[in-house]
Amino acid sequence: MKTSGAALVMDLGGTGSRALLEIGNESRRSEAPCGNPNRVGAKAVEACIFDLLVGVEAAGRTLDRAVVGMAGASHPEARILVRRAFERAGVLVGAAWFMNDAELAHCAAFPGPEVPGVLVVAGTGSIAVARGAGGAFVRAGGKGPAVGDEGSGHWIGTRLLEASLRDPALATEIARRLGEGASTGPPSAVAAVLDALVTDFPAAAAVAEGAGEALADLATEARRLSATASPSVRCSGSVLLRSGAVRTAFRRRLAERGEGAFDHGDVEDVLVAGLDWLRSAPIFGVPPRW
């Protein structure tokens, strides 16, 4: 198949979705709502993918390579949704990768299966990802808000609301800053509000401490599951990247457990870092389909 040299990275998250298309020296970005089929359903996700492809002007193009990272990638219809959306947009791909969005972030943070490391992602949800000895991904957390997602934006917001029931002053301040969206608002907003509260409200400081410790525990568990020497721990997601209070507790917990070096190579922009990985990934044996 004749290809154009174009490369596409698509990150479908629990709060919002993004895509980056690079052709030569030009790049185009697009954004869309939640792309997790477990949260919004199959039709909404297919529409989300289609809108992202149209938004980056990929429709009708033949791409050299593309990767789609999707929250809820284990959903039975996930791959089908991607394939249908690409077909509907008339997009052909020379080599295509499909994975969980946290696995995409790990590829961006640690390019190459030979690079050991643990990536902790804390946004709407939370998960820690590492590679096992055979190169396969192992994960800790990522179970969703009903049974897990410790240290995530949703987790922090829920615990702030619980604390506010015992502290009217805290309740007033949360309402002033977040309204009714403490547990459902964007994790970046929740993280920023948490940092603004920790000085004056011990209960908020305790939430930040608990979030950081829970995320460090996920890193420890992912390292254990990988059964490999993983000296680096890197971060992604708005909670760890935007909340100094959570980050401090996270680092302290790792140090207490003797987890080795804490690497400051955060993944601020998964799309750009993912594109670097995608450009360098060997395409031998990668199928031109989802």
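Read-outs: derived from the displayed coordinates by stated rules, not from any lab. Note that the structure is a prediction, hence the values are computed from the model and not measured. Using ideal geometry, Cβ is built from the backbone for each residue, glycine included, and neighbour counts are taken over all protein chains shown.
Put in order of Cβ neighbour count within 10 Å, fewest first, the listed residues 156, 174 become 174, 156.
Taken one residue at a time, the phi angles of the range 165-178 give Karplus couplings (6.51, -1.76, 1.60, θ = phi - 60°) of 5, 9, 9, x, 5, 5, 4, 4, 5, 5, 4, 5, 8, 10 Hz. Gly and Pro are set to x. Our summary of shape: the Cα atoms of the chain have principal axis extents of 63, 42, 36 Å, ordered from largest down, in whole angstrom. Peptide packing for 97-105, 142-150 was compared via the average number of neighbouring C-beta atoms within 10 Å per residue; ordered from the highest value, the list is 97-105, 142-150. Note on residue 83/residue 228: beta-carbon distance plugged into 1/(1 + (r/R0)^6) with R0 of 41 Å gives a FRET efficiency of 0.80. A Förster distance of 35 Å, applied to the separation of the beta-carbon atoms of residue 195 and residue 146, puts the FRET efficiency at 0.85. Amide H to amide H, with H built 1.01 Å from N, residue 95 comes under 5 Å of 65, 66, counting only residues 5 or more places away or on other chains. Taking amide H positions as modeled 1.01 Å from N, with prolines and chain starts lacking one, the residues under 5 Å from residue 100 and 5 or more places away or on another chain are 70. Evaluating 6.51 cos²θ - 1.76 cosθ + 1.60 at θ = phi - 60° for every residue in the range 186-194, the Karplus couplings come out as x, x, 5, 5, 4, 5, 5, 5, 4 Hz, glycine and proline recorded as x. Karplus-derived 3J(HN,Hα) values for the range 204-215, using 6.51 cos²θ - 1.76 cosθ + 1.60 with θ = phi - 60°, are 5, 4, 5, 5, 4, 4, x, 5, x, 5, 5, 5 Hz; glycine and proline are entered as x.
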